[in-house]
2 protein chains.
Amino acid sequence: MNKSLICPRFEKAMSIISQRWTGLVIYQLLHGPQRFSTIEAAIGISGRVLSERLKDLEQEGIVKREVFPETPVRIEYSLTDKGLSLKPLMKDIEKWSQTWLDPVDAGSDK
Amino acid sequence: MNKSLICPRFEKAMSIISQRWTGLVIYQLLHGPQRFSTIEAAIGISGRVLSERLKDLEQEGIVKREVFPETPVRIEYSLTDKGLSLKPLMKDIEKWSQTWLDPVDAGSDK
DNA sequence: TAAGTTAGTTACTTATTGTAAGTAATTATA
DNA sequence: TATAATTACTTACAATAAGTAACTAACTTA
């Protein structure tokens, strides 16, 4: 079971992109380096999960974490080259959504 | 809480694409119309969830379900125009994975 | 000393998935 | 005729992931 016939690299890419919230986190970071609380507020993710996702994305080499020892401490998250390379993809999704999703529908909660 | 500042249409698109398995189901259907059990085997999804996803995707107008009253009954799932319009996106993901993911790494179960 | 920052973490609840067995409709086989 | 097979699901239950809210650490300011 669970032995798929699909290219493992594609599958891996999908597993990154299709993990809940990762897409939005990356999209948000396209606006530039940001701190934890900014991302949290911008996309409406819970701190618990954001913390988890940022760690995963750092592991994948998609996100970079930088500490600025100011007061209070400032920690900035930004995209690496690998992360930035996802920009065209994000733009495609944006374009698709504008072409194929009805504005009214899109806003309604489930 | 949970009031994001991101464009609702983009968010909706993301919520479709980033739902577990939907990407792989769509990708698989790019190969042409297929029956339930074929998709199931191809991507390694459980029947329970596949059934759920296909219903969702049909709702979204991305997938079409057709019944052929043969024996045993044949039911084919295929992409609608809206579904097919996701093809360039899928190809981009494929390309990205080939450029940025290490083949060894990608295969390892985490 | 108390209260305010930011960036998390922890404990606990709720939601989503996975697993495996079961069902319905029909035909083939012993 | 009873049993088995096939496909496309559904159901019940266990396991994993996400949401919520309170809490911590390491400062600084009032």
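Things to note:
- Sub-9 Å Cβ pairs linking a first residue in the range A:4-22 that is within 26 Å of residue A:48 (Cα to Cα) and touching a residue at least 60 places away in the same chain (Cβ under 8 Å) to a second residue that is more than 15 Å from DNA strand C (Cβ to nearest atom) and part of a loop (DSSP other than H, G, I, E, B), at least 6 apart or interchain, are A:17/A:86, ordered by first then second residue.
- Test set (1) of a type in the set (S, T, N, Q); (2) more than 14 Å from chain A (Cβ to nearest Cβ); (3) under 26 Å from residue A:43 (Cα atoms) - residue B:19 fails condition number: (2)
- Any hit, the range B:88-100, residues being among the hydroxyl-bearing types (Ser, Thr, Tyr) and within 12 Å of DNA strand C (Cβ to nearest atom): no
- Residue within the range A:39-57 that is more than 10 Å from DNA strand D (Cβ to nearest atom) and part of a loop (DSSP other than H, G, I, E, B) present: no
- Test: residue B:66 is more than 9 Å from chain A (Cβ to nearest Cβ), over 24 Å from residue A:97 (Cα atoms), more than 15 Å from the chain's Cα centre (by Cα) and among the acidic types (Asp, Glu): yes
- Residue in the range B:69-83 that is within 11 Å of chain A (Cβ to nearest Cβ), within 29 Å of residue A:87 (Cα to Cα) and among the β-branched types (Val, Ile, Thr) present: yes
- Just so you know, in the range A:48-57 the residues that are within 10 Å of DNA strand C (Cβ to nearest atom) and surrounded by 15 or more Cβ atoms within 10 Å (Cβ to Cβ) include one that is nearest to the other protein chains (Cβ to nearest Cβ), and it is A:50.
- The requirement of being more than 10 Å from the chain's Cα centre (by Cα), more than 11 Å from chain A (Cβ to nearest Cβ) and either crowded, with 21+ Cβ neighbours inside 10 Å or of a type outside the set (Gly, Ala, Ser) (or both) is not satisfied by residue B:40.
- Set A:26, A:45: member being of a type outside the set (Ser, Thr, Tyr) and either touching a Gly at 6+ places or on another chain (Cβ under 8 Å) or within 10 Å of DNA strand C (Cβ to nearest atom) (or both): A:26
Every read-out reported here was derived from the displayed coordinates using simple, explicitly stated rules and does not represent laboratory data. Everything numeric in this text was worked out from a predicted model, so none of it was measured. No Cβ is skipped: glycine too gets one built from the backbone with ideal geometry, and neighbour counts run over all protein chains shown.
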